[in-house]
Amino acid sequence: MAGIYIHFPFCRHKCNYCNFYSLATSKHHDELLIALLKEIELQQDYLQGENIETIYLGGGTPSLLKAAEIEQLLHAVYKLFTVIDEAEITLEANPDDLRAPKLRELKQAGINRLSIGVQSFQDEDLRYLQRIHTANQARNSIKRAQDAGFSNISIDLIYGIPTLSSTGWEFNLLDAMGLGVPHISAYALTIEDKTPMALQIKRGKLPDVNDEDQLQQFIILTDLIQANGYLHYEISNFCTPGMFSKHNTAYWQGKKYLGIGPSAHSYNTTSRQWNIAGIGQYLTAVKSGKLPFEQEILTIPQRFNEYIMTSLRTMWGCNLDIVERDFGVDWTNQALADAQQFIDNGSLIQKGRILVLSQKGLFHADGIAAELFRID
């Protein structure tokens, strides 16, 4: 089983904190659609006949695409790949794009899961993040999606925003759960270099994030959401039983995936490749029948490190039997020896042959994983 990701980089407005490849323009919209269809054709052999269990349209703001254009893209995938009957087909969307007629059209086009970029249910936070929707638009978009027959809905929320109090964060979580949203992705606000937000903070025009506030809100998140019956199945992801994101879970489980579009990444278990992050160069290359990517052949230590990093992020943890099967007894023993300090301080829990992060360890997951890495 494998997944396909299609990157649509255009937005109405680029948020000040965004570090993804996205452009606040629609100048090359029609050309890009043609190029995406062409790249799907050019990449039809990449997954080596694997059945497709997930298709994910991300961005950018792919909800700017017309339903007929989404249908074109999905048709191209179905024509050239074997897509399973119960495939999860996700569209990332902004609340202001989800009007009732559009939602009905999306469902008819084949979308069966929505990932809505809410970020907060409070207008002050949305202004800080330079989002162009309001809190009421966010709530109404979820209700309209449910009315249109979408039951598989995920929303994004951000914590650690300087305008967001711990009480306000609890309100956001209770609001989401009260709306019956079965999947919540919650991320700490991260100030990425060279983003407008980083520059505004440096110049004193915006308050900076506070690490202690972020930690406190992360603890509130994990406690409150699990108390309400949600599974904390990945560091930033929570769902009611059975409502995991199949697409993202496949990333964490090391399955193959194909990325289509500028800056999109692909992985086939032995190598990783990524398309050029430049719309002009991407369009020119694909038009001439070339694949505009760079590639990295993964070494054994890189494959090991990826397994450690991705497995520790999930509630299923790092399985030492898998490490032994794929990398040998010596690698397994070394991993366990490196993990011992974190087992001793309560950051990692050992359950037989499984290593799982404790709540204490979750907030320091990247650092813990790095201590277990092997260097080439």
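The values are calculated or read from the model by the stated rules, or taken from the named source; none is laboratory data. For clarity, every value in this text was computed on a predicted model and none was experimentally measured. Glycine also receives a Cβ, built like all others from the backbone with ideal geometry; neighbour counts cover every protein chain displayed.
When the stretch 223-272 is filtered for residues that are in contact with a strand residue (DSSP E or B) (Cβ under 6 Å, 6 or more places away or on another chain) and in a helix (DSSP H, G or I), the ones remaining, listed by number, are 225, 226, 246, 247, 250, 252.
Listed by first and then second residue, the pairs linking a residue in the stretch 352-367 that is more than 12 Å from residue 232 (Cβ to Cβ) to a residue that is among the charged types (D, E, K, R) and surrounded by 15 or more Cβ atoms within 10 Å (Cβ to Cβ), with Cβ atoms under 7 Å apart and 6 or more places separating them unless they lie on different chains, are 365/313. Could you figure out which of (1) among the polar types (S, T, N, Q); (2) under 23 Å from the mean Cα position of the chain (by Cα); (3) more than 25 Å from residue 244 (Cα to Cα) isn't true of residue 72? Residue 72 satisfies all of (1) among the polar types (S, T, N, Q); (2) under 23 Å from the mean Cα position of the chain (by Cα); (3) more than 25 Å from residue 244 (Cα to Cα) except (2). Note on the stretch 37-87: residues that are free of Cβ contacts under 8 Å to residues at least 24 places away in the same chain and under 19 Å from residue 273 (Cβ atoms) total 1. Filter the stretch 85-124 for residues that are farther than 26 Å from residue 162 by Cβ and among the polar types (S, T, N, Q); which is surrounded by the fewest Cβ atoms within 10 Å (Cβ to Cβ)? Across the stretch 85-124, the extreme among qualifying residues is 108.
Flag: residue 21 matches the condition of being more than 20 Å from residue 150 (Cβ to Cβ), assigned by TED's automatic domain parsing to the domain that holds residue 128, in contact with a His (Cβ under 9 Å, 6 or more places away or on another chain) and not in a strand (DSSP E or B). For the stretch 127-138, a residue qualifies if it is surrounded by 24 or more Cβ atoms within 10 Å (Cβ to Cβ) and closer than 19 Å to residue 162 by Cβ, and exactly one does: 131. Scanning the stretch 172-188 for residues that are of a type in the set (Phe, Trp, Tyr), under 28 Å from residue 205 (Cα atoms) and either at pLDDT below 95 or buried (at least 20 other Cβ atoms within 10 Å of the Cβ) (or both) turns up nothing.
Of the residues in the stretch 150-163, none is of a type in the set (D, E, K, R), assigned by TED's automatic domain parsing to the domain that holds residue 214, crowded, with 19+ Cβ neighbours inside 10 Å and at pLDDT 95 or above.
Screening the stretch 187-209 for residues that are small (Gly, Ala, Ser) and out of contact with any Asp or Glu (no Cβ under 8 Å at 6 or more places or on another chain) and picking the one that is nearest to residue 147 (Cα to Cα) gives 188.
The rows are residues; the columns are (1) under 30 Å from residue 212 (Cα atoms); (2) in contact with a Lys or Arg (Cβ under 9 Å, 6 or more places away or on another chain); (3) surrounded by 17 or more Cβ atoms within 10 Å (Cβ to Cβ).
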{"position": "317", "(1), (2), (3)": "yes, yes, yes"}
{"position": "324", "(1), (2), (3)": "no, yes, no"}
{"position": "334", "(1), (2), (3)": "no, yes, no"}
{"position": "337", "(1), (2), (3)": "no, no, no"}
{"position": "346", "(1), (2), (3)": "yes, yes, no"}
{"position": "375", "(1), (2), (3)": "no, no, no"}
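When 39, 50 are screened for being modelled with pLDDT of 95 or more, over 29 Å from residue 141 (Cβ atoms) and crowded, with 22+ Cβ neighbours inside 10 Å, only 39 passes.
Filtering the stretch 273-315 down to residues that are part of a loop (DSSP other than H, G, I, E, B) and aliphatic (A, V, I, L, M), which residue is surrounded by the fewest Cβ atoms within 10 Å (Cβ to Cβ)? That would be 315. Scanning the stretch 11-36 for residues that are touching a Leu at 6+ places or on another chain (Cβ under 9 Å), surrounded by 17 or more Cβ atoms within 10 Å (Cβ to Cβ) and within 30 Å of residue 201 (Cβ to Cβ) yields 11, 14, 15, 16, 17. Taking helices (runs of 4 or more DSSP H) as the structural unit, those lying wholly within the stretch 57-148 and holding at least 2 residues that are under 18 Å from residue 179 (Cα atoms) and of a type in the set (Gly, Ala, Ser) correspond to 135-147. The set of residues in the stretch 191-222 that are closer than 30 Å to residue 315 by Cα, without any contact (Cβ under 8 Å) to a residue 60 or more places away in the chain and not in a helix (DSSP H, G or I) comprises 209, 210. Can you name every residue in the stretch 348-373 that is of a type in the set (Gly, Ala, Ser), surrounded by 13 or more Cβ atoms within 10 Å (Cβ to Cβ) and in a helix (DSSP H, G or I)? Across the stretch 348-373, the qualifying residues are 361, 365, 369.
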